[in-house]
Amino acid sequence: EADIYQTPRYLVIGTGKKITLECSQTMGHDKMYWYQQDPGMELHLIHYSYGVNSTEKGDLSSESTVSRIRTEHFPLTLESARPSHTSQYLCASSEGQGVGDEQFFGPGTRLTVL
Amino acid sequence: SQQGEEDPQALSIQEGENATMNCSYKTSINNLQWYRQNSGRGLVHLILIRSNEREKHSGRLRVTLDTSKKSSSLLITASRAADTASYFCAPANQAGTALIFGKGTTLSVSS
């Protein structure tokens with residue numbers, strides 16, 4: 001198992017709430033990623049970071065925001081959750097700066113917005 | 001970034017049989033990676049094959065790469081119930097920003 005953690009594992013909240021999904025890794029990796037995945041569907045890259053103070057949007061437009069103040073921490077925030085945000089959110093990291101490096105994934109956060 | 005397309009979408013076999021999954025992609029790559037995802041969990045890296053390699057083994061896994069056909073295959077030999085999962089390929093090239101994953105192949109192994 002890789003040393004990358006996500007909390008909470010499951011979250012059920014009401015519409016309009018602000019939420020933060022936590023992701024931490026202890027491997028000292030520079031690159032970190034957030035993916036969104038609906039059941040049985042592909043993973044969509046929504047955010048990534050090359051290192052501290054670097055954040056970029058991914059291929060899928062998302063209303064969420066991310067920050068990278070510390071190497072090991074890459075939280076994702078939704079200011080006002082909606083039912084359309086219901087999904088699984090997966091965090092990952094990789095060691096090098098290249099695209100083709102092995103990615104290590106956390107266990108995911110399953111978010112349900114009522 | 002480019003996405004790999006896995007085929008078939010779903011595969012059901014008996015324990016002890018071999019399972020073969022295929023992946024196609026569109027542009028040149030530096031390497032291609034295969035990942036496994038158990039239900040509701042994160043992905044786990046299985047194997048990476050570089051563009052100058054044709055075949056690679058890891059335990060019961062065998063991966064082939066044909067860059068002329070822009071395709072790869074993952075063979076799991078002597079499958080076990082614990083191999084039940086979704087399998088994703090991820091082609092990687094330097095022009096992209098990150099790995100892009102397709103819908104995967106869902107493998108069910110029954111005992």
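Just wondering, is there one or more residues in segment A:54-72 that are within 24 Å of B:ARG36 (Cα to Cα), within 9 Å of chain B (Cβ to nearest Cβ) and in contact with a Ser or Thr (Cβ under 6 Å, 6 or more places away or on another chain)? Checking segment A:54-72: not a single residue is within 24 Å of B:ARG36 (Cα to Cα), within 9 Å of chain B (Cβ to nearest Cβ) and in contact with a Ser or Thr (Cβ under 6 Å, 6 or more places away or on another chain). The condition (being of a type in the set (Gly, Ala, Ser) and either open to solvent by less than 30 Å² (accessible area, probe 1.4 Å) or touching a strand residue (DSSP E or B) at 6+ places or on another chain (Cβ under 8 Å) (or both)) is satisfied by just one residue among B:GLY16, B:GLY42: B:GLY42.
Does B:ARG36 meet the test of being under 26 Å from A:PRO39 (Cβ atoms), open to solvent by 30 Å² or more (accessible area, probe 1.4 Å) and away from chain A (no Cβ under 11 Å)? In short, no.
Inspection of segment A:32-39 identifies no residue that is open to solvent by 10 Å² or more (accessible area, probe 1.4 Å), in contact with a helix residue (DSSP H, G or I) (Cβ under 7 Å, 6 or more places away or on another chain) and within 14 Å of A:THR112 (Cβ to Cβ).
When you check A:SER62 against the structure, is it assigned to a loop (DSSP other than H, G, I, E, B) and touching a residue at least 12 places away in the same chain (Cβ under 8 Å), yes or no? Criteria met by A:SER62. Any residue at all in segment A:37-50 that's of a type in the set (Ser, Thr, Tyr), more than 10 Å from chain B (Cβ to nearest Cβ), outside any loop (DSSP other than H, G, I, E, B) and more than 20 Å from A:THR7 (Cβ to Cβ)? Among the residues of segment A:37-50, not one is of a type in the set (Ser, Thr, Tyr), more than 10 Å from chain B (Cβ to nearest Cβ), outside any loop (DSSP other than H, G, I, E, B) and more than 20 Å from A:THR7 (Cβ to Cβ), which makes the answer no. Considering B:SER71, B:SER86, B:SER51, the condition of being farther than 21 Å from A:GLY58 by Cβ and within 14 Å of chain A (Cβ to nearest Cβ) is satisfied by B:SER51 alone. Scanning segment A:24-32 for any residue that is within 16 Å of B:ARG41 (Cα to Cα) and either over 15 Å from the mean Cα position of the chain (by Cα) or in a strand (DSSP E or B) (or both) turns up nothing. Specify the residue that is most open to solvent (accessible area, probe 1.4 Å); the eligible residues are those in segment A:1-31 that are polar (S, T, N, Q) and without any contact (Cβ under 8 Å) to a residue 60 or more places away in the chain. Once the filter is applied, the top-ranked residue is A:THR26.
For segment A:85-106, a residue qualifies if it is surrounded by fewer than 17 Cβ atoms within 10 Å (Cβ to Cβ) and at pLDDT 95 or above, and exactly one does: A:THR86. For segment B:1-13, the set of residues classified as surrounded by 20 or more Cβ atoms within 10 Å (Cβ to Cβ) and not in a strand (DSSP E or B) consists of B:GLY4 only. Could you give every pair whose Cβ atoms fall below 7 Å, whose first residue belongs to segment B:54-81 and is open to solvent by less than 40 Å² (accessible area, probe 1.4 Å), and whose second residue is assigned to a helix (DSSP H, G or I), counting only separations of at least 6 or pairs across chains? Every condition considered, the pairs that remain are B:ILE76/B:ASP83.
The values are calculated or read from the model by the stated rules, or taken from the named source; none is laboratory data. The shown structure was predicted, so the numbers you read here are calculated from the model rather than taken from an experiment. Positions of Cβ are backbone-derived with ideal geometry, glycine not excepted, and every protein chain shown enters the neighbour counts. Quick note on the areas: whole protein, heavy atoms, side chains included, nothing else; ligands and nucleic acids left out. Shrake-Rupley method; radii C 1.70, N 1.55, O 1.52, S 1.80 Å.
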